[in-house]
Amino acid sequence: MNFSNVYKDDKRADAYSKLQFPGTYHLAFRDLPAIISEHVTGKEALDFGCGSGRSTRFLQKLGFRVSGVDISKAMTRKAREIDPEGNYYAIEEGDFSQFKEGSFDLILSAFPFDNIPTMKKKVMNLRGLRNLLSDEGRLINLVSTPEIYTHEWTSFSTKDFPENKNARSGDTVLIIQMDTEEKNL
Ligand SMILES: C[S@@+](CC[C@H](N)C(=O)[O-])C[C@H]1O[C@@H](n2cnc3c(N)ncnc32)[C@H](O)[C@@H]1O
């Protein structure tokens with residue numbers, strides 16, 4: 001099966017770049033400052049799957065020096081547009097060679113693993129990220145539960161896609177993002 005990254009097009013990147021922390025996103029990010037301050041020492045951070053930089057700027061505000069990486073050029077272009085002083089890099093999947101091993105105290109992964117389709121790719125990315133962590137470094141991996149595709153949420157709707165309930169690993173599932181102007185599918 002061929003998988004493609006839904007975040008690679010400019011229209012979606014534009015919509016995503018206007019998204020702050022409404023609705024369900026508020027809950028996803030709400031507890032991060034406390035978790036980070038309890039478990040992370042040091043100020044060097046990597047934002048894996050930075051998108052248009054929302055999560056990168058979130059870490060900047062917590063005092064981190066952050067590099068954001070993403071496989072979507074449309075997303076990193078937007079991130080640079082919003083935050084010209086920030087460090088945003090478009091990478092090929094799993095290629096972290098531009099970063100020094102052991103150089104990050106924190107790696108935040110805010111939802112890219114929702115979009116990494118196979119176990120092989122997930123493992124490859126996690127291995128690569130692990131090598132970038134310092135000895136005391138921590139990786140925080142925010143992921144959605146499968147219920148995101150079968151329930152109604154403040155920020156997401158799936159009621160029009162009952163077939164999601166029977167989806168097996170590898171099947172396509174549909175979801176509407178409610179907080180963007182165009183209600184992205
Ligand atoms: C739901 S968006 C989240 C963006 C950002 N972390 C935020 O919270 O605003 C997921 C991002 O992960 C990126 N992504 C998906 N697979 C990736 C991979 N293998 N490596 C790096 N980024 C990836 C997508 O291009 C997309 O920009």
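Pairs are defined by a Cβ separation below 6 Å, a sequence spacing of at least 6 or placement on different chains, a first member in the stretch 61-83 that is touching a residue at least 40 places away in the same chain (Cβ under 8 Å), and a second member that is away from the ligand (no atom under 12 Å from the Cβ); the pairs so defined are Phe64/Lys43; Phe64/Ala45; Ala74/Asp10.
Scanning the stretch 98-142 for residues that are away from the ligand (no atom under 13 Å from the Cβ), within 17 Å of Tyr88 (Cα to Cα) and part of a strand (DSSP E or B) returns Phe104, Leu106.
Do we have any residue at all in the stretch 1-16 that's in the same structural domain as Arg130 (by TED's automatic domain parsing) and on the phi > 0 side of the Ramachandran plot? Taking every residue of the stretch 1-16 in turn, none turns out to be in the same structural domain as Arg130 (by TED's automatic domain parsing) and on the phi > 0 side of the Ramachandran plot.
Among the residues of the stretch 154-181, those identified as in contact (Cβ under 8 Å) with a residue 12 or more places away in the chain and assigned to a helix (DSSP H, G or I) are Asn164, Lys165. Under the condition of being assigned to a helix (DSSP H, G or I) and among the basic types (Lys, Arg), the residues counted in the stretch 1-43 number 4. For the stretch 34-74, enumerate the residues that are more than 20 Å from Gly102 (Cα to Cα) and among the aliphatic types (A, V, I, L, M). Answer for the stretch 34-74, where residues must be more than 20 Å from Gly102 (Cα to Cα) and among the aliphatic types (A, V, I, L, M): Ala34, Ile35, Leu62, Ile71, Ala74. Free of Cβ contacts under 8 Å to residues at least 40 places away in the same chain and either crowded, with 16+ Cβ neighbours inside 10 Å or not assigned by TED's automatic domain parsing to the domain that holds Asp47 (or both) - does that describe any residue in the stretch 130-140? Yes, the stretch 130-140 contains at least one residue that is free of Cβ contacts under 8 Å to residues at least 40 places away in the same chain and either crowded, with 16+ Cβ neighbours inside 10 Å or not assigned by TED's automatic domain parsing to the domain that holds Asp47 (or both). Select from the stretch 45-70 the residues that are among the aliphatic types (A, V, I, L, M) and either within 11 Å of the ligand (Cβ to nearest atom) or part of a helix (DSSP H, G or I) (or both) and list them in ascending order. The answer is Leu46, Leu59, Val69.
The values are calculated or read from the model by the stated rules, or taken from the named source; none is laboratory data. Please read all numbers here as calculations on a predicted model, not as lab measurements. With ideal geometry, Cβ positions are generated from the backbone for all residues, glycine too; neighbour counts draw on all protein chains shown.
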